[in-house]
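Note sheet for the following structure.
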Amino acid sequence: MPQKRGKPSYAKKDAVWGYLFVLPAMILIAVWIIYPMIFAFRLSFMNFKYLTPEKARYVGFANYIRAFSDDTFKKALTNTFKYSLIVVPVQTIISLLLALVCNSRIKGKTFFKVAYYIPSITSALAVGTMFKFLFNQQGIINRFLSNFGFHSVSWFEDPSYALPLCMIMAIWSSVGGGMILFLAGLQDIPSSVIEAAQVDGANGFQRFLKIILPLLRPTIFFAVVTGIIGTLQVFDQAYIVSRGSGGPLDSTMTVVLYIYNKGFRTTNANMGYPSALAFLLFAIIFTLTLIQKKFFDKGAESY
Amino acid sequence: MNQNSSKINMSKVIFYIITISYALIAIMPFIWSFYSSFRTPEDVNKINISFKNLSMMNYKYIFTNLPIGRYYLNSVIVAAIVTVGNLLINSMAGYAFARLEFAGKDIMFMIVLGIMMIPGQVLMVPTFVMLSKLNWLNSFRGLTIPFLFSSFYIFMMRQFFMSIPKDLEEAAFIDGMSRGGIFFKIALPLVKPALSTQAIGLFIGNWNAFLWPSLIATKKEWFTLPVGLGDLEFRYFSFQNQVMAGTMCLTIPIIIMFLVLQKYIIENSTTSGMK
Amino acid sequence: MKRVLSLFLALCMTVTLFAGCSKKAAQTNQQNEQQQQTEQKKEPVTITVATFSDAFGNKWEKEVADEFMKQNPDIKVNLEQYPGDFFKALENKFIANQAPDVFYLDIVQAPSLINAGKVEPIDDYISKYNYDIDDIVPSLRQAFTWDGKLYGIAKDYNMLGLFYNKEMFEKKGLKPPTNWEELRQCAKMLTTKDVKGLALQNEIARFQPLAYQNGGSMMDGQNPKVNRDENIKAAEFWTSLFKDGLAVEPKDIGEGWDGDAFGKGKVAMTIEGGWMCKYLQNTAPNLKYGVVELPVNKTKSTMAFTVAWGIASTSPNKDAAFKFVSFITNKDNQRKVIPEQNALPSRISLHQEFKDKFPMWDAFTKSYEYAAPYNYGIAGTTVIDEVGKALEKIKLKKSDAKSAFDEAQKNIEAYLADVK
């Protein structure tokens, strides 16, 4: 915490520069996010339809209370947490490994960097088509798995496999972006340290744990926090796999997909309930982020 | 000794096998899309690989039926403005949150973080209404100004500014340099890798953006490239070969852009901090 | 700390006020515009026409609009093409009070817009301008009628038919099925190790005709009623085709939709719309296939997908708007879209011309008399989602047909209670 440290003599003028530097961002945020957010927050206490606002009425906390007895919402919440719990660690670890590979003395660095990054810029349509091709009942993945005695499963159709499919898709397409982030983070570490700690055996791995990981702390904190924020709002993958329905049998229903289906799939729907769900999700993510910040801050006074 | 070195060789081989196979998995869909974009509608859905009947006809179709030059121009202008604006605004805010002391900093930073946590869907309609009231639909103002900041990158820049040593900045301060000067002349050059990361992410994000541009542009002369290419997907079905060719028109420029920028992420280590 | 917070709140409030002001400004602007319009009657009026953005349709619309302006120099047509999610874009335009004068009125979205009072009934204009509405397919007129008033003139339409692979049928000496029993028999005979009898998309947009063929209906007046016994029995028959291994969903065999599964010869039959003819012509030019009317059970049925031209109730130039709608739906202009082979013209008098050009569509031109529209009142999308979910549950054996449809009806009613 800043108060604990002694303030240097130049700190006074910093306040002016501080406000100056954050002003453009804060004005844009106020206009384009906070203002519509206040509007949406008001809606969460109403029964409100955009096309017929004259019929709007306040309903108090009814929308929030309704969420607690909504089984589909609970299911969506469970799915979303499962998704986040798997995707965040896996994508962080793979991104970091890819970054280490590209930062090592490997031959053809540029090729690897481009190859690993390409999934992040491949169109969702191509990715969707490929996954349909790979993961259908007679697809390559099933044929491969059958060599090891697994039964062939219909990934898109089976309620127990559709969510894992979303996870695989998400990880596949997000690790490239994470790799770029960690590559930038690794640049702040002198190359001699990195070379010494290259993954080339147990010793190297230990050095990696003791030297590189602590130095990457701010980047990892960033990756994990934004990873959790992003995955708890997962929409695209669930939408692609289920074609928007959240099926089969709500197994790919996520919170944001549910919000979308409640408020935006039908013309002139009641916006009060989806708005309330959005603020419930907001409260959950906000709490989790505060906890993480505490956790990371505790481990590193210097940041 | 001998045993040890053969062990290292073995692990090197495994290392290369893993890294190369993952690279292949990663680029396969792209290669397949690229290949499909030259196929006929009859062949495009087949799994076999054949180099017969490949042609430029899908590209010809796109370039003759869509005002694609206009789409490219719009996309380049929008992505360039948004990227440059973001680089400046996010880096300044990120630096302030990392280095400067001012009242309300923590609250403002929590706001920056907090707004990432609200599902954008619920803000869509009120924002759209604002844009229409301002008469910003079908204009560069509407396509750029609401997108000139990013919580994600403000946060990222804060983390990067935190991780560089303070010594250089403090020395410059004693030499009488102002905070503004320190930021532009000393701090920013130290985080060049982060700036490249930001530039790549922002440019690509905006280059591919579909949802908002499709709401803001309701006349063809204001379509960006992804919005215009959406026309290839018809109401009831689409021809994969044409869609794939469209995807290539969208993707190849950014791969080139990535190839140019990625150098700065890696090869700038000499200018980065810790000397 | 507090000071900054209050500063920030003040900033937020200024923004709110600012937005409030601009709202007022926009209103007075609008009033001014209207005044100007009444003052200078001689000046041409401008009507905005909003359509889907696509690579073909927009060219035709532009040609028609140019011709229209030539014939009506007092009316200027401003064409807009909404990309992406058209329904969302149109709804947003209405919300922002910037609705186009003329727009595509989609059959699923129409009841919600009409119920919110956003669409102008056109009966008066039809008699005023003597429009030959009788030539428009009756079920398409029915589809855009709400509380006894007509709200749109159908642009064109598509229906479902049974597509069958001629070679496979000839090899087994089979004839295309005409009733449910034959459908099942054919599917059974044609199912082999590599080929399934039928590709079916397990959703209301393919299943509904069977419910109606069984004497059922999805509606009770203007409200959905999906859990009728006839519908449930039909759903049992439909899902039994999956359970007995005679039918598959395209995604199960790695295909995006029926068109690919059928085009590649992975299935012998499928239930699809007329649009598939053009797709097959391009993607499977050597495939020998035929299209027949859907099999019959108690009665005949198919379903109609359509889009109409609607006029906004807020439009200040409704007469000009109607003139445009009447021009773009006249026989000459409708004829111009025939070569595209995307959909049937909504004019009965053009069916023969269409069939002569594209014989494959013969079955479709026969079935318009008994087509039920893809229209479920103001809960449209909810009905589509809930019935889809019910069909999925039955197929996956998670529920019997009755309780699945009862649950769907319950959820639809809950939705209706929420929006009423």
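The values are calculated or read from the model by the stated rules, or taken from the named source; none is laboratory data. The shown structure was predicted, so the numbers you read here are calculated from the model rather than taken from an experiment. Here the Cβ positions follow ideal geometry from the backbone for every residue, glycine too, while neighbour counts run over all protein chains shown. The protein model used for the area step is the full one, side chains on, heavy atoms only, and it has no ligands, DNA or RNA in it. Shrake-Rupley method; radii C 1.70, N 1.55, O 1.52, S 1.80 Å.
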Exactly one of C:Asn342, C:Asn333 is more than 21 Å from C:Met159 (Cα to Cα), in contact (Cβ under 8 Å) with a residue 12 or more places away in the chain and under 23 Å from the mean Cα position of the chain (by Cα), and that residue is C:Asn333
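Among the residues of the stretch A:265-286 satisfying the criterion of being of a type in the set (Phe, Trp, Tyr) and open to solvent by 30 Å² or more (accessible area, probe 1.4 Å), which is nearest to A:Leu43 (Cα to Cα)?
Filtering the stretch A:265-286 down to residues of a type in the set (Phe, Trp, Tyr) leaves A:273, A:279, A:282, A:286.
Filter again for open to solvent by 30 Å² or more (accessible area, probe 1.4 Å), leaving A:282, A:286.
Working: A:Phe282: 15, A:Phe286: 20 Å.
Among them, the one singled out is A:Phe282.
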* Kindly indicate whether A:Thr219 is in a helix (DSSP H, G or I) and over 21 Å from A:Leu165 (Cβ atoms). => yes
Check your understanding: Being surrounded by fewer than 17 Cβ atoms within 10 Å (Cβ to Cβ) and either modelled with pLDDT under 90 or within 19 Å of the chain's Cα centre (by Cα) (or both), is that true of even one residue in the stretch C:352-361?
Key -> no
Scanning the stretch C:88-137 residue by residue, those over 29 Å from B:Lys219 (Cβ atoms) and open to solvent by less than 10 Å² (accessible area, probe 1.4 Å) turn out to be C:Ile136, C:Val137
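Quick one: in the stretch A:100-138, which of the residues that are of a type in the set (Ser, Thr, Tyr) and away from chain C (no Cβ under 14 Å) is farthest from B:Val44 (Cα to Cα)?
Looking only at the stretch A:100-138, we keep the residues that are of a type in the set (Ser, Thr, Tyr), and these are A:104, A:110, A:116-117, A:120, A:122-123, A:129.
From the residues that got through so far, the ones that are away from chain C (no Cβ under 14 Å) too are A:104, A:110, A:116-117, A:120, A:122-123.
Working: A:Ser104: 39, A:Thr110: 31, A:Tyr116: 26, A:Tyr117: 26, A:Ser120: 24, A:Thr122: 18, A:Ser123: 17 Å.
Among residues in the stretch A:100-138 that are of a type in the set (Ser, Thr, Tyr) and away from chain C (no Cβ under 14 Å), the one farthest from B:Val44 (Cα to Cα) is A:Ser104.
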Per the filter on the stretch C:248-278, residues closer than 19 Å to C:Pro177 by Cα and away from chain A (no Cβ under 13 Å) are C:Asp258, C:Phe262, C:Gly265, C:Val267, C:Ala268, C:Met269, C:Thr270, C:Ile271, C:Glu272, C:Gly273, C:Gly274
Within the stretch B:223-247, residues being surrounded by 22 or more Cβ atoms within 10 Å (Cβ to Cβ) and more than 7 Å from chain C (Cβ to nearest Cβ) number 13
* To do: Report yes if A:Ile220 is surrounded by fewer than 24 Cβ atoms within 10 Å (Cβ to Cβ), closer than 28 Å to A:Ile180 by Cβ and touching a residue at least 12 places away in the same chain (Cβ under 8 Å), otherwise no.
  => yes
All conditions in (1) within 19 Å of C:Tyr104 (Cα to Cα); (2) surrounded by fewer than 21 Cβ atoms within 10 Å (Cβ to Cβ) are true of C:Ala343 except (2)
Listed by range, helices (runs of 4 or more DSSP H) wholly within the stretch A:8-99 having at least 2 residues that are within 26 Å of C:Glu91 (Cβ to Cβ), open to solvent by 80 Å² or more (accessible area, probe 1.4 Å) and within 13 Å of chain B (Cβ to nearest Cβ) are A:35-43
**Prompt:** In the stretch C:50-60, is there at least one residue being without any contact (Cβ under 8 Å) to a residue 40 or more places away in the chain and touching a Gly at 6+ places or on another chain (Cβ under 6 Å)?
**Reply:** no
Flagged in the stretch A:102-121 as in contact (Cβ under 8 Å) with a residue 12 or more places away in the chain and either over 19 Å from A:Gly177 (Cβ atoms) or open to solvent by 20 Å² or more (accessible area, probe 1.4 Å) (or both), in numbering order, are A:Asn103, A:Ser104, A:Arg105, A:Ser120
Within the stretch B:206-222, restricting to residues that are closer than 18 Å to B:Arg141 by Cα and within 19 Å of the chain's Cα centre (by Cα), the one that is surrounded by the most Cβ atoms within 10 Å (Cβ to Cβ) is B:Pro213
Of the conditions (1) in a loop (DSSP other than H, G, I, E, B); (2) of a type outside the set (Ser, Thr, Tyr); (3) without any contact (Cβ under 8 Å) to a residue 40 or more places away in the chain, the single one that C:Gln185 does not satisfy is (1)
C:Gln352 fails exactly one of (1) in the same structural domain as C:Asn411 (by TED's automatic domain parsing); (2) in a helix (DSSP H, G or I); (3) out of contact with any helix residue (DSSP H, G or I) (no Cβ under 6 Å at 6 or more places or on another chain), namely (1)
When the stretch B:121-173 is checked residue by residue, the ones that are assigned to a loop (DSSP other than H, G, I, E, B) and farther than 14 Å from A:Pro36 by Cβ are B:Asn135, B:Trp136, B:Leu137, B:Asn138, B:Ser139, B:Leu148, B:Phe149, B:Ser150, B:Ile164, B:Pro165, B:Lys166
Taking first residues from the stretch A:45-62 that are β-branched (Val, Ile, Thr) and second residues anywhere that are surrounded by 11 or more Cβ atoms within 10 Å (Cβ to Cβ), the pairs with Cβ under 7 Å that are 6 or more apart or on different chains are A:Thr52/A:Asn268; A:Thr52/C:Ala116; A:Val59/A:Phe45; A:Val59/A:Met46; A:Val59/A:Asn47; A:Val59/A:Gly272
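Yes/no per residue for (1) within 7 Å of another protein chain (Cβ to nearest Cβ); (2) surrounded by 20 or more Cβ atoms within 10 Å (Cβ to Cβ); (3) not in a helix (DSSP H, G or I):
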| site | (1), (2), (3) |
| --- | --- |
| B:Leu73 | no, no, no |
| B:Val82 | no, yes, no |
| B:Met92 | yes, yes, no |
| B:Ala103 | yes, no, yes |
| B:Pro119 | yes, yes, yes |
Checked the stretch A:134-168 for anything within 20 Å of C:Pro250 (Cα to Cα) and not in a loop (DSSP other than H, G, I, E, B); matches are A:Leu134, A:Phe135, A:Ile140, A:Ile141, A:Asn142, A:Arg143, A:Ala162, A:Leu163, A:Leu165, A:Cys166
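When you check C:Gln81 against the structure, is it touching a helix residue (DSSP H, G or I) at 6+ places or on another chain (Cβ under 8 Å), at pLDDT 85 or above and open to solvent by 30 Å² or more (accessible area, probe 1.4 Å), yes or no?
Numbers: touching a helix residue (DSSP H, G or I) at 6+ places or on another chain (Cβ under 8 Å): yes; at pLDDT 85 or above: yes; open to solvent by 30 Å² or more (accessible area, probe 1.4 Å): no.
No: the conditions fail for C:Gln81.
Which residue, of C:Ala404, C:Ala379, C:Ala414, is part of a helix (DSSP H, G or I), within 11 Å of chain A (Cβ to nearest Cβ) and surrounded by fewer than 20 Cβ atoms within 10 Å (Cβ to Cβ)?
Numbers: C:Ala404 fails: surrounded by fewer than 20 Cβ atoms within 10 Å (Cβ to Cβ); C:Ala379 fails: surrounded by fewer than 20 Cβ atoms within 10 Å (Cβ to Cβ).
Going through C:Ala404, C:Ala379, C:Ala414 in turn, just one is part of a helix (DSSP H, G or I), within 11 Å of chain A (Cβ to nearest Cβ) and surrounded by fewer than 20 Cβ atoms within 10 Å (Cβ to Cβ): C:Ala414.
Report yes if C:Ala321 is open to solvent by 10 Å² or more (accessible area, probe 1.4 Å), within 22 Å of C:Asp156 (Cα to Cα), touching a residue at least 12 places away in the same chain (Cβ under 8 Å) and in contact with an Asp or Glu (Cβ under 7 Å, 6 or more places away or on another chain), otherwise no. Working first, answer last.
Values: open to solvent by 10 Å² or more (accessible area, probe 1.4 Å): no; within 22 Å of C:Asp156 (Cα to Cα): yes; touching a residue at least 12 places away in the same chain (Cβ under 8 Å): yes; in contact with an Asp or Glu (Cβ under 7 Å, 6 or more places away or on another chain): yes.
No, not satisfied.
For the stretch C:191-305, which strands (runs of 3 or more DSSP E) that fit wholly inside it have 2 or more residues that are surrounded by 23 or more Cβ atoms within 10 Å (Cβ to Cβ), under 23 Å from the mean Cα position of the chain (by Cα) and in the same structural domain as C:Ala390 (by TED's automatic domain parsing)? Reasoning before the result, please.
Working: elements: C:196-199, C:267-273, C:289-292.
In the stretch C:191-305, C:267-273 are the strands (runs of 3 or more DSSP E) which contain 2 or more residues that are surrounded by 23 or more Cβ atoms within 10 Å (Cβ to Cβ), under 23 Å from the mean Cα position of the chain (by Cα) and in the same structural domain as C:Ala390 (by TED's automatic domain parsing).
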Practice item. Please indicate, with yes or no, whether at least one residue in the stretch A:247-264 is surrounded by fewer than 20 Cβ atoms within 10 Å (Cβ to Cβ) and either free of Cβ contacts under 8 Å to residues at least 60 places away in the same chain or at negative phi (or both). Key: no
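Every residue, every condition in (1) within 14 Å of chain B (Cβ to nearest Cβ); (2) surrounded by 22 or more Cβ atoms within 10 Å (Cβ to Cβ), yes or no:
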site	(1), (2)
A:Ser154	no, no
A:Asp158	no, no
A:Tyr161	no, no
A:Cys166	no, yes
A:Met169	yes, yes
A:Ser173	yes, no
A:Met179	yes, yes
A:Phe182	yes, yes
A:Asp188	yes, yes
